[in-house]
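Working notes, beginning with the structure itself.
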There are 2 protein chains.
Amino acid sequence: VSKYRLLTPGPTQVPESALLAMARGLRHHRTAEFRAVLAEVQEGLRDVLRTGNDVLLLTSSGTGAMEAAVANLVPRGGKAIVTQSGKFSERWSELCATFGIEAVRHEVPWGEPFSAEALAGLLREHPDAAAVFTTLMETSTGVGHDIEAIGGVVGPSKALLVVDGISGAGVMRCLTDAWQIDVLAVGSQKALMVPPGLSLLTVSPAAWKQIESIWRPVYYFDLLAYRKALAKSDTPYTPAIPLVAALAESLRQIRSQGMESIWARGELLSRATRAGVEALGLRLFARRPAAGMTAVCIPDAIDGGLFLKRLAARFGIKVAGGQGQVKGRIFRIAHMGMVDELDILGTIAAIELVLVELGQDVKLGTGVAAASRVLAEDKAEGGRRKAE
Amino acid sequence: VSKYRLLTPGPTQVPESALLAMARGLRHHRTAEFRAVLAEVQEGLRDVLRTGNDVLLLTSSGTGAMEAAVANLVPRGGKAIVTQSGKFSERWSELCATFGIEAVRHEVPWGEPFSAEALAGLLREHPDAAAVFTTLMETSTGVGHDIEAIGGVVGPSKALLVVDGISGAGVMRCLTDAWQIDVLAVGSQKALMVPPGLSLLTVSPAAWKQIESIWRPVYYFDLLAYRKALAKSDTPYTPAIPLVAALAESLRQIRSQGMESIWARGELLSRATRAGVEALGLRLFARRPAAGMTAVCIPDAIDGGLFLKRLAARFGIKVAGGQGQVKGRIFRIAHMGMVDELDILGTIAAIELVLVELGQDVKLGTGVAAASRVLAEDKAEGGRRKAE
């Protein structure tokens, strides 16, 4: 049995201490002991997500958090502006359609980023839009969006800014309050290094005001019920207790590193990964690559499915393939959470070997050398900064 | 630190092997390996729940499964018959109200069971009701309902039978197909001995027909998406992987015991518990006690909160208090999943000691003796049956 090396953009590797936290005998959740864990998690998430807003904890996948945002923030029959650039941002449109909300689309081709200017235009054209639904990192394309710029545009408008940070938050710099994000959705199984099963929503005072004022036919995802429970460090329904315990543990590790250092590492690994694959002659898919993940085009001459199978079978490397319209045409390497420098160098070495095996003209070591140079230069730069 | 003895009707104790299954390093879910686990879980759940129907796996609490049933089975503006006898069955009414469904109520006082005859009358009066929403074990009162009789009444009608078996299924005899249950909701954290975070829904062909034919503004809980994924042993959204692994492990244990033996043990522990507390002069709360849980009235002279605190502080025993209108007036001992004979005898012994401590006139040993007699007689009876 080969080793297992998980480099997908969710689920990600989970620290041993968080895995072991799940294996502890189950304690009841309506107790002072568990409320203390929930309070600690709340404080940790506020720090990690750079917000003073409430952070609600849902037992659901990230899609549940997206549904909760749409269903609670926009009245049925109301209007929203949605950005669309890949499989996951498409979900905003689908959710609006499901809940009878008119979705005004800012759509760009897969691999392209949204434009804050285009959004500004749509906001002027549709001053009655209740919210703008957008995406920090589009996981299907590896595009990282300039949410700071988008916040600058949406902030002064009457619309609420809702960001799918499910896979991006926690690895890409994301200043929820400073960037005027009203609602940020986050998944547990990405940069937070927790298994899937929990999702999070930050909710601003302006968003609460909207939620209180509209008719919302919601029950399991009724955010007011979550807020009421949160005031007592509780949840409205039985939470996924072991995942909450894992989250508490992962947050301790994240906070001991510090967000500045985590964001910088995401950037560094992203640069190293890009340098490595480009040195092998591979093209990047995203026009504006995210710090959390690198999407790489598979050369036309190569069978994408076979390529991924060889990586998994020979080296235990599980990266993600393409979805939807880019199925078989790209692969995606996540560099978030526990993924470190050697994981990336190892992955690039494996890509080199598999490419050669599949008949590509690749000089072994080229990709690893290019990625290593990025790491070495960063280290030297860090040394220089310290010396100054 | 005292030992921890969890005897609540969810969460329940989790077998060590299931806890350890959660602690294994995370594997990706879109793989042949995980699909094999999902297929095994599907087969196991069909066996445990006595059904050939699809069993859908949701990442949510049991309330999510209830919402999915209501939102997928009854058209907006349609009509349903709901039974109501406690905090959890009230949720059916609340869900209908949320989704614009007219709820015709069969309501009985807390502690009383529903009547199949009354339901027959309502079905005659409301032949246009799309579904009957009812409850196997009402967790807030400890009442077990005669779903077989209710199935006999609902089966011949045009309405679908939907049963909240969240806490009851897996400990109380429940023959999904034979009793004509169209949709059964189950929680992971009860008799299935898995931590909270997963819920299950069985769906009959008649229910699928209804789901396909009505307009359903649902997304995260769109059951057709779950069915489509199930056909490939998959889930539409990222599932709570460690909880699925725990469920696979618990199902192995449950099936190695066999359902007849598990149901018989639930009945036996229920009888022993009732005999024990009644011998101490305590009254039962449920008129038709369920095999999964015993609700006991707290004597007027005793402070209910203090009573539960002493049980927890002195003996590490966590039983459940009362909710809603019986808060402080009852306590609830679950006997499902891993709870065994000695757990029950120990709990009764602790109750005796705490009652004496709180000034009640109780003869120490009386309750334990009565409960033990039930166990001894059952063993002797089993021996006689074997000898015959």
Point-charge dipole on Cβ atoms (K/R +1, D/E -1) for the stretch A:1-139, about Cα centre, debye to 20
520 debye
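Please average, across the residues of A:318-325, the number of beta carbons from any other chain that are within 10 Å of each residue's own beta carbon, and give a whole number. The partial results should precede the final answer.
On the way: counts 4, 1, 2, 1, 0, 1, 0, 0.
Mean number of neighbouring Cβ atoms from other chains: 1.
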Using unit Cβ charges (K, R positive; D, E negative) and no other charged atoms, how large, in debye to the nearest 20, is the dipole of the protein assembly as shown about its Cα centre?
820 debye
Length-normalised contact order of chain A in % [C-alpha pairs under 8 Å, at least 6 apart]
22 percent
So the carbon and sulfur contribution to the accessible area of chain A, 1.4 Å probe, in percent, is 50 percent
Provide the packing ranking of A:193-202, A:76-85, i.e. peptides ordered by the mean count of other C-beta atoms within 10 Å per residue, highest first.
A:193-202, A:76-85
B:Val104's amide H: which non-local residues (gap 5+, or another chain) put their own amide H closer than 5 Å, with H modeled 1.01 Å from N in plane and none for Pro or chain starts?
B:Ala80, B:Ile81, B:Val82
So, by mean Cβ neighbours within 10 angstrom, what's the order for B:176-185, B:91-100, A:155-164 with the highest one leading?
B:176-185, A:155-164, B:91-100
Surface/4 of the Cα convex hull for the stretch A:236-388, nm²
12.3 nm²
Of all DSSP beta bridges in the stretch A:109-202, antiparallel share, percent nearest 5
40 percent
Would you mind putting A:40-47, B:165-172, B:373-380, B:68-75 in packing order, based on average other-beta-carbon counts within 10 Å, highest first?
B:165-172, B:68-75, A:40-47, B:373-380
Antiparallel as a % of all DSSP beta bridges within chain A, to the nearest 5?
50 percent
P(r) tail for the stretch A:1-106, what percent of Cα pairs lie past 15 Å?
77 percent
On Cα atoms only, tilt of B:241-257 relative to the major axis of chain B in degrees
60 degrees
A:Asp146 label point, 7 Å along Cα→Cβ, cut-off 12 Å on backbone N: hits in the stretch A:87-130?
A:113-119
Principal axes first, then extents: for the Cα atoms of the stretch A:71-224, list largest minus smallest coordinate on each axis, whole Å, largest first.
36, 35, 29
Expected integer from the mean partner chain Cβ neighbour count at 10 Å over A:234-247 is 5
Starting at the first residue of the stretch A:150-160, write each ³J(HN,Hα) from the Karplus equation 6.51 cos²θ - 1.76 cosθ + 1.60 with θ = phi - 60°, in whole Hz, x for Gly and Pro.
5, x, x, 8, 7, x, x, 7, 7, 7, 7
Once each part is reduced to its C-alpha centroid, what is the distance from the stretch B:179-232 to the stretch A:115-152 in angstrom?
35 Å
May I ask you to give the solvent-accessible area per residue for chain B, in square angstrom, as obtained with a 1.4 angstrom probe?
37 Å²
Going 7 Å from Cα along the Cα-Cβ axis for the label, what nanometre distances separate A:Asp303 from the same residue across the other copies?
7.5
Calculated label separations, B:Lys327, copies of the chain, 7 Å along the beta-carbon direction, nm
5.2
Note every residue of the stretch A:176-207 with a reduction of at least 50 square angstrom in accessible area, all protein chains present versus the isolated chain, computed with a 1.4 Å probe, or write none.
A:Pro196
Name the residue from A:Phe114, B:Gly346, A:Ala149 whose Cα lies farthest towards the positive end of the charge dipole of the protein assembly as shown, charges +1 on Cβ of Lys and Arg and -1 on Cβ of Asp and Glu.
B:Gly346
Debye intensity ratio I(q)/I(0), log10, the stretch B:99-171, q values 0.19, 0.20, 0.23 Å⁻¹ (C-alpha model):
-0.79, -0.87, -1.11
Asserting the computed 222 nm helical MRE of chain A (DSSP H runs at least 4 long, -39500 (n - 2.57) per run, divided by residue count, to nearest 500) equals -14000 deg cm²/dmol
tail above 13 Å in the computed P(r) of the stretch A:230-273, as % of all Cα-Cα pairs, reads 68 percent
Restricting to the protein assembly as shown, what percent of DSSP beta bridges are antiparallel, rounded to 5?
50 percent
At 0.890 mPa s and 25 °C, Stokes D of the protein assembly as shown from Kirkwood alpha-carbon radius, µm² per second
89 µm²/s
Compute the FRET efficiency between B:Asp47 and B:Thr366 as 1/(1 + (r/R0)^6), taking r as their Cβ-Cβ distance and R0 = 51 Å, and round to the nearest 0.05.
0.80
Pairs A:Lys87/A:Lys190; A:Lys190/B:Lys318; A:Lys3/A:Lys363; B:Lys190/B:Lys327; A:Lys158/A:Lys209: which are spaced more than 23 Å apart, C-alpha to C-alpha?
A:Lys190/B:Lys318; A:Lys3/A:Lys363
Using amide H atoms built in the peptide plane, which far-off residues or other-chain residues are under 5 Å from A:Ile330 H to H?
A:Ile298, A:Gly322
Could you give the size of the charge dipole of the stretch A:118-235 about its Cα centre, using +1 on the Cβ of each K and R and -1 on the Cβ of each D and E, expressed in debye and rounded to the nearest 20?
280 debye
Given H placed on each backbone N at 1.01 Å, which residues far from B:Gly168 in sequence or on other chains put an amide H within less than 5 Å of it?
B:Met137
Roughly how large, in nm² to one decimal, is the mean projection of the convex hull of the alpha-carbon atoms in the stretch B:172-255?
6.4 nm²
Any idea how far apart A:Thr31 and B:Ile302 come out in nm if each label point goes 7 Å out from Cα toward Cβ?
2.1 nm
Just give the residues from the stretch A:64-113 buried by at least 50 square angstrom of accessible area in the all-chains context relative to the isolated chain, probe 1.4 Å, and say none if nothing qualifies.
A:Thr98
With point charges of +1 on the Cβ of Lys and Arg and -1 on the Cβ of Asp and Glu, referenced to the Cα centre of the protein assembly as shown, which listed residue (B:Val368, B:Leu200, A:Ala130) lies farthest in the positive direction of the dipole?
B:Val368
Taking the convex hull of the alpha carbon atoms in chain B, what volume per residue do you get, in Å³?
142 Å³
Please report, for the Cα atoms of the stretch A:255-327, the Rg to one decimal and the Dmax as a whole number; what are they, in angstrom?
14.3, 46
Find the Cα radius of gyration of the stretch B:169-311, compare it with 2.2 N^0.38 Å by division, and give the number to two decimals.
1.36
Estimated distance in nm for a label pair at B:Met338 and A:Lys309, the labels positioned 7 Å out from Cα along Cα-to-Cβ
4.2 nm
Expected unfolding gain across B:Arg105-B:Arg384 under the 0.36 nm per residue rule, minus the alpha-carbon gap, is 95.8 nm
Give me the accessible area buried between chains B and A, both sides summed, with a 1.4 Å probe, in Å² rounded to the nearest 100.
3600 Å²
Selected from B:Leu45, B:Cys297, B:Leu251, residue furthest toward positive end of dipole (chain B; charges at beta carbon):
B:Leu251
Determine one quarter of the surface area of the Cα convex hull of the stretch A:289-352, which equals its mean projected area, and express it in nm² to one decimal.
4.6 nm²
Just to confirm the numbers: A:Gln253, label point 7 angstrom along the Cα-Cβ line, distances to the other copies in nm, shortest first?
2.7
For the stretch B:211-251 the translational diffusion coefficient, Stokes-Einstein from a Kirkwood Rh over Cα pairs at 25 °C and viscosity 0.890 mPa s, in µm²/s, is roughly 208 µm²/s
Report the Cα centroid-to-centroid distance between the stretch B:6-50 and the stretch A:29-101 in angstrom, as an integer.
27 Å
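The values are calculated or read from the model by the stated rules, or taken from the named source; none is laboratory data. Predicted, not measured: the structure shown is a model, and the values here were computed from it. Every residue, glycine as well, gets a Cβ built from its backbone with ideal geometry; the counts of neighbours run over all protein chains shown. Only protein heavy atoms, including side chains, enter the accessible area calculation; ligands, DNA and RNA are left aside. Shrake-Rupley method; radii C 1.70, N 1.55, O 1.52, S 1.80 Å.
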